Structures are given as structure tokens and as C-alpha cells.
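As C-alpha cells, the structure follows; a few thoughts come after it.
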Amino acid sequence: MARSTIIAFGLASAVALGSAIFTITSSPRLLKTSLLTIGASSIALLIFASTRHIQLVSHRSRNRSPRQLNSQNSVVQRAPIDYNLFVLGSGGHTKEMLMMMDDGFCDFADFHRRYLISSGDSMSENHVQDYEESLASLCEARGTSPGTYDKFIVTRARRVHQPLWSTPFTALLSIVEIFPALLIPPKGLVGMKMKPCYPSRVFSNGPATGFFVALAVHLLKMAYLVPESCMKVIYIESWARISTLSLTGKLLFYTGIADVFVTQHQEVATRYGVQNAGEIVFNSRRLDDIEPSPAK
Amino acid sequence: MAALQRNCLVTVGATVGFKQLTEQVLQPAFWQFLSSEGFTSLRIQCGPDVSWASAQLTSLQDEIPQGLTVDVFESTKNLMKDEMLLCKASSGSRQTGLVISHAGTGTILDAWKVGLPVIVVPNEGLLDNHQAEMAKHLAKEGYAITSTPSYTDLQGAIHKVNLLWEENKSRWPPHEVKSQKNPSALRLWDMHPQEVEKEEDAQMTND
């Protein structure tokens, strides 16, 4: 189906649904007709959504293994400014993500990192601070640029001790708040060469927020609000998952809305038929790499 | 004998606690063993069991061997910075210590990062068997020695971990930017989605 047909179809059904709802509220006498219209246009919208979903999923390469491009190689066609989003979760996930990032690579000129952190997760914030400081000193020693970064705080889906009845509301709020994190360009990058300024890649390794972010990206692409070529969702299953996928991993695996899907252990990779990328967390620099060991 | 410090850290995780392990490392016989192995300090992070542990420690105060200090505490903000660094060798003052840990991934990754020998004691009491699975994986790959929460097993594990430690020195040498220890591991920065085949893509827009 051609792109314009799909858009027209989606728009028409949305308009029909809107006007039917308007009619039903203004003149209750037309109840039956309005209800029919609402029914019909809801079905039409549903058809639009599923067509678009299938189209998006099939547009992705069926191969969810990563394409390995050497970041130091000029072959990589990097946008004038590259901007990546990192979804951080509770302490363990954050620690793993930062260890995967901290592999000694430090040529980040024109590169921006945005961290998505849940409110009240001061542990993740501290870890990010430590990582960025250590990266800055590494880059200084090498004479390269560490690039820029910012933190974007979203409401936590459920605080500890929060009454159960209010959980759906805060969960919804946290999902709604993901959209600005994806759409608002980082301060320093406004008006620069990159236009429109969306993250090129979105990294996640297992926290529940990771699935909601992937879902938000998918919805934005379904509605033609962001191009398919950006916000590529790169999912790396947590190192802690040896034989089974985490809930987030399962959701992303079965919905097919991640662009890259890898695990860090062979056992779980074999079970789901995905690629094992090896224990990426161990790419991390260790203390002895950072400060020469005083003992010797 | 040179008065080099040697610290042993026991950690059970912040939330649930692991009383069996805490009990065993509070046995005077275990202290005697540690002392004979040259340890000068034993610090036990025991989470919710801290009041029980400190009462126990007070009652056994007289049995602490000469030259060893034993402390218990609930938890700390940053276990790696606050405690693990005390187990790291420092020329002239400290030799490499030891971490005895529950099979929590956070602690294990931290200990790996600091570069410390680790003994992993899975908490079998927890409902999921993730801890046992992780411990098995770590032992299989030679990242750590596993033990049960019994001080006699722990003593055997301490002998073994010293050997493993020597072996692992060559396994993870300090690395510069590009040299990867594990050639099969991809780098996060290098991961990009597969490109959709050009023809496939063109066909999509035309049909």
C-alpha cells in the first residue's frame, strides 16, 4: 500500500471518529447513527494502526543482529551531530549499561548522550556522574573530545510504598513523559547542523522503562511524527539473564519493535534464536586501566 | 612479619539479607582461619540482620584473634568506593584482599571492575534460582569460586580463590582502547541496525 493511501486512510478515519463523537455529544437523538459511525471509524483506525505496525515491523530488517561498524572508522556515515539516548533503570541495569559504554572509546566530538532516569533514582544519577567524570579525564589525557550529555528525569512508574490504586496513573504519567525525552532536542544542539534533532539510537538493557520507550518510539513512527531512519532501538539483554529473557526482553522480542536485539549469554540466545553478542559488560575498563596500580 | 593489611569484605545485598552467611562468618573458628591466612580485617555488610549481628559480635568480642578486627554494618551508599577499595592492594600498606558475596550481579561486576578475588555464595533461600544460575556461570567461566554458606566450605574456597587469582592475572590484563579481552564481544558503540536491503526498501515505497 502506498504511503499516501495509508496516511489518508488514517486521517479520514480519525476525522470520522472525531465528528461522530462531536455529534453524539451535541444531539443525542442521532445516537444510533453516531454509534455506528464511531464503531466504523474505530475499526478503520484499528486497520490503519495495524497496517502501519506491520509495515514498520517489516521495514526493519528481519535480521535483528547488529551490524558492526567500527566507530573509529570513517566508513561510518555519522550525522554531523550524533545523539544517542540511554535508558537507565534501577542500580543493576545502570551499572551494566555504563560498563558497556566505558570501553575506552573516547572520540566523541559532535556527539551527545542523553540519559533517561526515573525520578528518585539517585543511584543511577551518581553512577552517570562518575562515568562522565571518568570519561572526561580519559578524553583529556588523549586530547579528544568527550562530547556533551544531559539527563532527562521521568516520573517513576511506581514508587516504593505507593498505594496500588494510583499506580496506573503514575505509570501512565511516566509513559507520557517519555515523549518529550525523545522529542525535545538537547539544549546545546538546538539550531545546529542536525535537523530534525532526534536521537539516532536508543539503547536499553532491560529495565521496564526500556519497553515503554521502545513503544513510544514505535507510536511516533506509526503516526509519521518521526522518520523511520532515526531512533533505532538497540536492545542488549542484561548480563544477569543467562537462560531466559527478562520481561522487557520478552515484550520486545514478541512485539518485534526493537531494531537490534542481542543477549550476552549463548544459552538464552539459543533458546530464542537471537544473536549472542558475548559478555559486553566485560569490555569495561577496570580500575587498573584507569589508574596505574600503585602496588608492584 | 611485615604488617601488611589484608581486608576481607562480606556482602549479602542491601534488601533481603542472608542470615546463614552472616552467621557463618561470625564464627570464631572462621576468624582464626582468616587470621592464619594473614587477614587483618573482616567487614560484614549484613543488611537487615545488622542488629542481630552486632549483638552476636559483642557477645563474641573476647574470641576475636589478635591482629584481626571484625566489624558489621547495615549497608553503604557506594559499596565499591567505600568498601571494595579497602580490599585492593596498595604498595607498602595493603595486600590483595577478598570479597565474599551473595550472587548479586551488581557486587560481582563491581568486584571484577576493582579487580578483586571473589567467592560467590548463592542464596538458595531466595525463590528464583537466578542466584544459583549466576553462581554456576561464574564458576564455569572461572570468574569466581562458589561456596555454600558454611565456614568450612568457605575455608576451602579461600584456598582455591588464591590459585584462581594468580591464573586470572593474565586473563584480564589492563587494556588500552581497542584491545578487547573477549574478541567475541561486540562493542556497544559499534552496534547499528542492519540496513534494510535497498531493493526491498525501494519496492516498499513503490507498491
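The values are calculated or read from the model by the stated rules, or taken from the named source; none is laboratory data. Quick caveat: nothing in here was measured; it's all calculated off a predicted structure. Backbone-built Cβ (ideal geometry, glycine too); neighbour counts: all protein chains shown.
Which one of A:Gly92, A:Gly104 is surrounded by 15 or more Cβ atoms within 10 Å (Cβ to Cβ), assigned to a helix (DSSP H, G or I), assigned by TED's automatic domain parsing to the domain that holds A:Thr263 and modelled with pLDDT under 90?
A:Gly92
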Notebook entry, point to check: If a residue has to be touching a residue at least 60 places away in the same chain (Cβ under 8 Å) and assigned to a helix (DSSP H, G or I) to count, how many in the stretch B:122-161 make the cut?
Noted result: 5
Note to self: Looking at (1) closer than 25 Å to B:Tyr143 by Cα; (2) buried (at least 18 other Cβ atoms within 10 Å of the Cβ); (3) of a type outside the set (Asp, Glu), which one does B:Asn78 not meet, given that it meets all the others?
What the structure shows: (2)
Margin query: Tell me yes or no: at least one residue of the stretch B:70-79 is in a strand (DSSP E or B), under 30 Å from A:Asn283 (Cβ atoms), touching a residue at least 24 places away in the same chain (Cβ under 8 Å) and in contact with a Ser or Thr (Cβ under 7 Å, 6 or more places away or on another chain).
Written below: no
Check: Of A:Ala171, A:Ala141, which residue is assigned to a helix (DSSP H, G or I), under 23 Å from the mean Cα position of the chain (by Cα) and of a type in the set (Gly, Ala, Ser)?
Finding: A:Ala171
Item checked: Filter result for the condition that a residue is at pLDDT below 80 and of a type in the set (Lys, Arg), over A:Arg29, A:Arg52 -> A:Arg29
Check: In the stretch B:64-79, is there at least one residue being among the hydrophobic types (A, V, I, L, M, F, W, C), closer than 15 Å to B:Val12 by Cα and within 14 Å of chain A (Cβ to nearest Cβ)?
Finding: yes
Margin query: If I go through the stretch A:25-71 residue by residue, how many of them are under 30 Å from A:Phe261 (Cβ atoms) and out of contact with any Phe, Trp or Tyr (no Cβ under 6 Å at 6 or more places or on another chain)?
Written below: 24
Next item on the list: Tell me, yes or no, whether the stretch A:270-283 has at least one residue that is more than 10 Å from chain B (Cβ to nearest Cβ), within 26 Å of A:Leu172 (Cβ to Cβ) and touching a Phe, Trp or Tyr at 6+ places or on another chain (Cβ under 9 Å).
Entry: no
Notebook entry, point to check: Are any residues in the stretch A:20-64 of a type in the set (S, T, N, Q), in a helix (DSSP H, G or I) and either closer than 25 Å to A:Ala8 by Cβ or within 14 Å of chain B (Cβ to nearest Cβ) (or both), and if so, which ones?
Noted result: A:Thr23, A:Thr33, A:Ser34, A:Thr37, A:Ser41, A:Ser42, A:Ser50, A:Thr51, A:Gln55, A:Ser58
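One line per residue, one yes/no per condition, for (1) assigned to a helix (DSSP H, G or I); (2) modelled with pLDDT of 95 or more; (3) more than 7 Å from chain B (Cβ to nearest Cβ); (4) on the phi > 0 side of the Ramachandran plot:
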residue: A:Tyr235; (1), (2), (3), (4): no, yes, yes, no
residue: A:Ile242; (1), (2), (3), (4): no, no, no, no
residue: A:Leu251; (1), (2), (3), (4): yes, no, yes, no
residue: A:Asp289; (1), (2), (3), (4): yes, no, no, no
residue: A:Pro292; (1), (2), (3), (4): no, no, yes, no
Check: Which number in (1) at pLDDT below 80; (2) under 28 Å from A:Leu183 (Cβ atoms); (3) in a helix (DSSP H, G or I) marks the one condition that A:Val76 misses?
Finding: (3)
Next item on the list: Looking only at the stretch A:107-121, count how many residues are under 21 Å from the mean Cα position of the chain (by Cα) and either farther than 13 Å from A:Val154 by Cβ or assigned to a loop (DSSP other than H, G, I, E, B) (or both).
Entry: 8
Note to self: Of everything in the stretch A:199-210, what is more than 15 Å from B:Pro193 (Cα to Cα) and surrounded by fewer than 24 Cβ atoms within 10 Å (Cβ to Cβ)? Give them in sequence order.
What the structure shows: A:Ala208
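Quick test for you: out of A:Gly89, A:Gly120, pick the one residue that is on the phi > 0 side of the Ramachandran plot and either within 13 Å of chain B (Cβ to nearest Cβ) or free of Cβ contacts under 8 Å to residues at least 40 places away in the same chain (or both).
A:Gly120
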